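Nothing in this text is a laboratory measurement; each read-out follows from the coordinates by a stated rule. Since the model is a prediction, treat every value here as computed from it, not as a measurement. Cβ placement follows ideal geometry from the backbone for every residue including glycine, while neighbour counts extend to all protein chains displayed.
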Ligand SMILES: *Cc1c(COP(=O)(O)O)cnc(C)c1O
């Protein structure tokens, strides 16, 4: 056997086994949705930013867990319940390793990213924030990182400050730094905008937040998919993400929190599984993460999420990111050549999400017309209405890419957009 040392030397062990050749067709073969036909056309799925498709490895793992390994967790003294508990707790350890958390106890399973924000605002926020205390978010936040703080504001009188972005969608560091002060208690910023694709300088944001004496929380719903996260390196206090965008199932999200912070937070919801002892007079609570997981948890969803993480690791996050950059560059160039099309968001650090408008065609009409060609994109405000207002828009069309997209998907999109333009010409 001859070895091609040049290629072998180029394999980055962190980038996974397929690093030297990104085999997009092999990846597509793992995703049943890639074989679906829509309106007589093969599906061109460009809406992974809203939710990603699932590989068979995830579907089969969940199916098997439901068929042969299923029981409630943390309860039974019988083998099947022990097995389900092991699976569920192993999923927690998988997530901890994937984010480089110091301990699996720092991983709380929630319903989605939204629930994780609500947990922090209700538990940490109510305990630690008083009238006049300040929270800093950015202008490009998802509603999930705005509305929970507004609910808390209405209750407590805290102040929400908004860090600005420029017209290209770049996060403005100096302007952000100027908002920080003695009253700042929490900085909660997205790692990646789901509309503009902007990647924010999270490490620098964390450093400045900590210098001001504030905690820092990141919305990783998009960021963990496109860039990954090392919560210890970034020094995040809280970090949230959602399973369904990371090629895992719906119904599961993650709140990461530093253990010493979690230990000092009161329960969020009360019920089974989160208690030590209950009497009608007094109830005591378990340590995190159990304290924050009241009731039967998303057992099979956690197992599915762990399978999704295994799948992503088998391809390699860096390899996926590299592939997505190629798609982004190709899409930016090809869409830029369409007359009357404006790309919204051209930040210097950007991932494979492209929002755009076309002169004379409403984004919803774009979506509907190209759906007739089997092309699935998102049209609307993308749960970021303040950001839409910032650009003076009611809606945009958005193409977002995943590990299974190929360059030809961009070409199909461009053809379909030209067709949409013709209809409205
Ligand atoms: C999708 C998304 C969320 C919310 O995720 P859910 O699963 O709906 O809770 C929050 N932030 C960003 C940036 C997102 O893209």
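Rg/Rh for the range 158-236 stands at 0.94; both radii use Cα atoms, and Rh follows the Kirkwood definition. Between residue 70 and residue 296, the simple spin-label model (points 7 angstrom out along Cα→Cβ) gives 1.0 nm.
Compared with the rule-of-thumb size 2.2 N^0.38 Å for a compact globular protein, the range 32-172 has a Cα radius of gyration ratio of 1.45. Contact order for the range 59-313, expressed relative to its length and based on alpha carbon pairs under 8 Å spaced 6+ residues apart, stands at 24 percent. At an R0 of 25 angstrom, the distance between the Cβ atoms of residue 177 and residue 385 translates into a FRET efficiency of 0.45. With Cα atoms defining each centre, the range 109-141 and the range 32-96 are spaced 28 Å apart in the structure. Short-range pairs are left out: with C-alpha atoms under 8 Å and at least six residues apart, the relative contact order of the chain is 23 percent. Along its first, second and third principal axes, ordered by size, the range 143-190 spans 34, 26, 13 Å in Cα coordinates.
Once Rh for the range 285-414 is found with the Kirkwood sum over Cα pairs, what is the Stokes-Einstein diffusion coefficient at 10 °C and 1.306 mPa s, in µm²/s? Could you put the intermediate results ahead of the total?
Working: Rh = 17.3 Å.
In µm²/s, the coefficient is 92.
Counting only Cα atoms, the range 102-226 measures 37, 32, 28 Å along its principal axes, largest extent leading.
Averaged over residues, the count of other Cβ atoms within 10 Å places the peptides 76-82, 356-362 in the sequence 356-362, 76-82, highest first.
Once you sort the root eigenvalues of the Cα gyration tensor of the range 207-307 as a ≥ b ≥ c, which label holds: rounded (a/c under 1.5), prolate (a/b larger than b/c) or oblate (the other case)? Don't skip to the answer; put the middle values down first.
Working: a/c = 3.19, a/b = 1.26, b/c = 2.53.
It is oblate, given that a/c is not under 1.5 and a/b is not larger than b/c.
For the chain, the alpha-carbon radius of gyration amounts to 1.02 times the rule-of-thumb value 2.2 N^0.38 Å expected for a compact globular protein.
Quick one: 111, 291, 130, fewest Cβ neighbours within 10 Å first, how do they rank?
Details: 111 18, 291 21, 130 9.
Ordered from fewest to most neighbouring Cβ atoms within 10 Å, 111, 291, 130 come out as 130, 111, 291.
Summarising the label geometry, the points placed 7 Å from Cα in the beta-carbon direction at residue 279 and residue 154 lie 3.9 nm from one another. The calculated 222 nm mean residue ellipticity attributable to helices in the chain amounts to -11000 deg cm²/dmol, summing -39500 (n - 2.57) over DSSP H runs of n ≥ 4 and dividing by all residues.
Could you tell me the relative contact order of the range 152-227? Use alpha-carbon pairs under 8 Å, at least six residues apart, and round to a whole percent. Could you put the intermediate results ahead of the total?
On the way: 83 pairs, mean separation 21.8, N = 76.
Once normalised by length, the contact order is 29 percent.
In terms of the Cα gyration tensor, with a ≥ b ≥ c the square roots of its eigenvalues, is the range 360-425 rounded because a/c is under 1.5, prolate because a/b exceeds b/c, or oblate? Oblate, because a/c is 1.5 or more while a/b does not exceed b/c. Exposure proxy for 237, 230: other Cβ atoms within 10 Å of each Cβ, ordered fewest to most, give 230, 237.
How would you rank 410, 354, 73, going from fewest to most other Cβ atoms within 10 Å of each one's own Cβ? Could you put the intermediate results ahead of the total?
Details: 410 24, 354 30, 73 20.
In increasing order of surrounding Cβ atoms, one gets 73, 410, 354.
Histogrammed with a bin width of 10 Å, the alpha carbon distances of the range 67-115 distribute as 26, 41, 30, 3 percent, first bin at zero. From the Cα gyration tensor of the range 59-313, with a ≥ b ≥ c the square roots of its eigenvalues, which class applies: rounded if a/c is under 1.5, or else prolate if a/b is larger than b/c, or else oblate? The shape class here is oblate. At the listed q of 0.16, 0.18 Å⁻¹, the Debye profile of the range 257-339, built from one uniform point per Cα, gives log10 I(q)/I(0) equal to -0.79, -0.87.
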